[in-house]
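Student: One structure is given below, represented as structure tokens, and several questions about it will come after.
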Amino acid sequence: MIRLPGLVDLHVHLRDPGQTHKEDFLTGTSAALAGGFTTVLDMPNNAVPVTTARTLSDKIETARRRIVCDTGLYLGSLGEDLSPLAELHDRVWGLKLYLNATTGSCLMDATRLARVFSAWPEGRPILLHAEADVIDTVVQACRSTGRAVHVCHVSSRAELEPVLEAKAEGLPVTCGVTPHHLFLTDEDATGMGPVGEVRPCLKSAADQYFLWENLHDIDVVESDHAPHTPEEKQRGTFGFPGLETTLPLLLQAEREGRLDLDAVVEKCALTPRRIAHLPEQPDTWVDVEPVEFTITAESMQSRAAWTPFAGRTGFGRVHEVTLRGEVVYRDGKVLARPGSGRLLTPTGAR
Ligand code: NCD
Ligand code: ZN
Ligand code: ZN
């Protein structure tokens with residue numbers, strides 16, 4: 001067995017409430033455990049965006065009843081009414097802003113960034129969906145406000161290079177990469193047709209090479225677990241599920257000598273916890289059986305029922321997950337009671 005610390009995913013979409021035909025807090029956090037993740041942070045682009053007290057309360061109530069791993073929520077903002085940021089920050093773990101069009105209706109104008117940053121308490125995570133066209137604006141807002149920001153899912157040289165320059169300048173910018181941008185390219189997308197749609201879209205082999213060459217300076221791997229049904233994918237809906245394939249893809253890459261095990265642990269556990277100031281999980285670990293297997297969507301916990309990585313070789317099956325001393329998952333079965341995960345808030349506020 002390989003024993004790993006509980007993994008941390010800063011970027012998942014569990015779709016609850018509003019789109020539970022895609023996923024809900026129980027199936028989504030079950031998928032997390034099955035993938036070796038014991039903490040996940042859930043994005044606010046629900047069917048009704050989580051930008052108000054009302055939508056947030058609904059989400060918190062639902063989460064409390066269903067989660068089986070520790071879960072924090074992000075607040076969204078369109079950058080217009082800033083009062084929810086001041087009112088609600090204690091009930092969420094972070095703020096997520098969308099500067100490009102993607103699933104949901106959370107799009108915000110990048111010119112509002114500095115104002116929004118200033119309305120958010122210092123020291124609390126800010127994550128951004130910011131593709132190449134807006135990355136300079138992000139770096140400028142970071143420079144002018146001094147706020148730490150995390151750029152989600154860098155997918156290309158054009159997105160990563162400015163982030164690396166900002167880091168070299170000493171700005172508090174971090175970034176994440178997804179397994180799909182590390183393991184799939186625009187050629188795969190072409191072969192998949194509408195099913196291959198994701199934002200940021202899959203890039204060229206040259207861009208992918210740039211990500212791997214600079215992996216050392218990419219802070220975290222985030223799954224961007226974005227479940228949609230196979231039918232919705234036929235219509236080109238953006239996003240791929242990823243919680244149950246991230247670890248086996250990375251462990252297989254480790255076997256191929258593309259990164260080492262310490263880097264996997266750093267990018268999937270230690271650094272995301274540090275970036276988001278997440279609490280430690282004592283007596284929490286994941287035992288992984290060192291076996292090679294062919295990835296299929298069968299027997300996955302996620303409701304998505306498909307994976308863009310079907311047919312690829314993965315390494316490492318999650319055998320058992322222990323969360324705070326309790327075995328919560330073993331050999332394909334979730335043993336934790338729905339609602340037994342912790343809902344993470346900075347002050348423990350409800
Ligand atoms: C995400 C989704 O479906 O919520 N889709 C995606 O293509 N990545 C939204 C996002 O992370 O941009
Ligand atoms: Zn995004
Ligand atoms: Zn996402």
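The values are calculated or read from the model by the stated rules, or taken from the named source; none is laboratory data. Given the structure is predicted, the values throughout are model-derived calculations rather than measurements. Backbone-built Cβ (ideal geometry, glycine too); neighbour counts: all protein chains shown. Accessible surface areas use protein heavy atoms only, side chains included; no ligands, DNA or RNA. Shrake-Rupley method; radii C 1.70, N 1.55, O 1.52, S 1.80 Å.
Student: (1) over 17 Å from the mean Cα position of the chain (by Cα); (2) farther than 19 Å from K233 by Cβ; (3) within 16 Å of ligand 1 (Cβ to nearest atom); (4) not in a loop (DSSP other than H, G, I, E, B): which one isn't true of V195, the others all being true?
Tutor: (2)
Student: From the residues in segment 217-246 that are over 11 Å from the mean Cα position of the chain (by Cα) and not in a loop (DSSP other than H, G, I, E, B), which one is farthest from G28 (Cα to Cα)?
Tutor: D217
Student: Checking the conditions here, which among V291, V265, V286, V327 is at pLDDT 95 or above, of a type in the set (V, I, T), part of a strand (DSSP E or B) and under 20 Å from the mean Cα position of the chain (by Cα)? Lay out the reasoning, then the answer.
Tutor: Values: V291 fails: under 20 Å from the mean Cα position of the chain (by Cα); V265 fails: part of a strand (DSSP E or B); V327 fails: under 20 Å from the mean Cα position of the chain (by Cα).
Of the residues listed, the single one that is at pLDDT 95 or above, of a type in the set (V, I, T), part of a strand (DSSP E or B) and under 20 Å from the mean Cα position of the chain (by Cα) is V286.
Student: Further question: Restricting attention to segment 264-273, which residues are within 21 Å of V291 (Cβ to Cβ) and open to solvent by 20 Å² or more (accessible area, probe 1.4 Å)?
Tutor: V265
Student: For segment 229-255: of the residues being among the polar types (S, T, N, Q) and in contact with a strand residue (DSSP E or B) (Cβ under 7 Å, 6 or more places away or on another chain), which is nearest to ligand 2 (Cβ to nearest atom)? Quick ask: steps written out before the conclusion?
Tutor: As a first pass, look at segment 229-255 and keep what is among the polar types (S, T, N, Q): 229, 234, 237, 245-246, 252.
Right, trim to in contact with a strand residue (DSSP E or B) (Cβ under 7 Å, 6 or more places away or on another chain) and you get 245-246, 252.
Numbers: T245: 18, T246: 16, Q252: 25 Å.
Within segment 229-255, the match that is nearest to ligand 2 (Cβ to nearest atom) is T246.
Student: Give, as residue ranges, the helices (runs of 4 or more DSSP H) completely inside segment 41-153 that count at least 2 residues that are open to solvent by 20 Å² or more (accessible area, probe 1.4 Å) and among the polar types (S, T, N, Q).
Tutor: 53-66, 135-145
Student: Would you confirm whether or not segment 27-38 contains a residue that is among the aromatic types (F, W, Y) and within 16 Å of ligand 3 (Cβ to nearest atom)?
Tutor: Our first condition is that a residue be among the aromatic types (F, W, Y); within segment 27-38, this holds for 37.
From the residues that got through so far, the ones that are within 16 Å of ligand 3 (Cβ to nearest atom) too are 37.
Checking segment 27-38: at least one residue is among the aromatic types (F, W, Y) and within 16 Å of ligand 3 (Cβ to nearest atom).
Student: If you don't mind, another one. Does segment 160-174 contain at least one residue that is on the phi > 0 side of the Ramachandran plot, more than 16 Å from ligand 2 (Cβ to nearest atom) and open to solvent by 40 Å² or more (accessible area, probe 1.4 Å)?
Tutor: Going residue by residue through segment 160-174, those that are on the phi > 0 side of the Ramachandran plot are 170.
When the remaining residues are screened for being more than 16 Å from ligand 2 (Cβ to nearest atom), the result is 170.
Narrowing the set further to residues that are open to solvent by 40 Å² or more (accessible area, probe 1.4 Å) leaves 170.
Scanning segment 160-174 turns up at least one residue that is on the phi > 0 side of the Ramachandran plot, more than 16 Å from ligand 2 (Cβ to nearest atom) and open to solvent by 40 Å² or more (accessible area, probe 1.4 Å).
Student: To continue, here is another question. Could you give every pair whose Cβ atoms fall below 9 Å, whose first residue belongs to segment 100-129 and is at positive phi and in contact (Cβ under 8 Å) with a residue 40 or more places away in the chain, and whose second residue is open to solvent by 70 Å² or more (accessible area, probe 1.4 Å) and within 11 Å of ligand 1 (Cβ to nearest atom), counting only separations of at least 6 or pairs across chains?
Tutor: Qualifying pairs under 9 Å: none.
Student: Now for a separate question. Looking at segment 219-228, is at least one residue within 16 Å of ligand 1 (Cβ to nearest atom), out of contact with any strand residue (DSSP E or B) (no Cβ under 8 Å at 6 or more places or on another chain) and open to solvent by 50 Å² or more (accessible area, probe 1.4 Å)?
Tutor: no
Student: Here is a list: G242, G257. Which entry is open to solvent by less than 30 Å² (accessible area, probe 1.4 Å), closer than 30 Å to G196 by Cα and not aromatic (F, W, Y)? Before the answer, list the steps.
Tutor: On the way: G257 fails: open to solvent by less than 30 Å² (accessible area, probe 1.4 Å).
Of the residues listed, the single one that is open to solvent by less than 30 Å² (accessible area, probe 1.4 Å), closer than 30 Å to G196 by Cα and not aromatic (F, W, Y) is G242.
Student: Across segment 4-21, which residue is surrounded by the fewest Cβ atoms within 10 Å (Cβ to Cβ) among those that are assigned to a loop (DSSP other than H, G, I, E, B) and more than 13 Å from ligand 1 (Cβ to nearest atom)?
Tutor: Here is the first cut: in segment 4-21, the residues assigned to a loop (DSSP other than H, G, I, E, B) are 6, 13-21.
Next, from what is left, pick out any that are more than 13 Å from ligand 1 (Cβ to nearest atom): 6, 17, 20-21.
Numbers: G6: 26, P17: 18, T20: 18, H21: 13.
Among them, the one singled out is H21.
Student: Would you check which residues across segment 198-218 are away from ligand 1 (no atom under 11 Å from the Cβ) and more than 16 Å from L164 (Cα to Cα) and list them? Even if it seems obvious, please write down each step before you answer.
Tutor: Here is the first cut: in segment 198-218, the ones away from ligand 1 (no atom under 11 Å from the Cβ) are 203-218.
Result: K203, S204, A205, A206.
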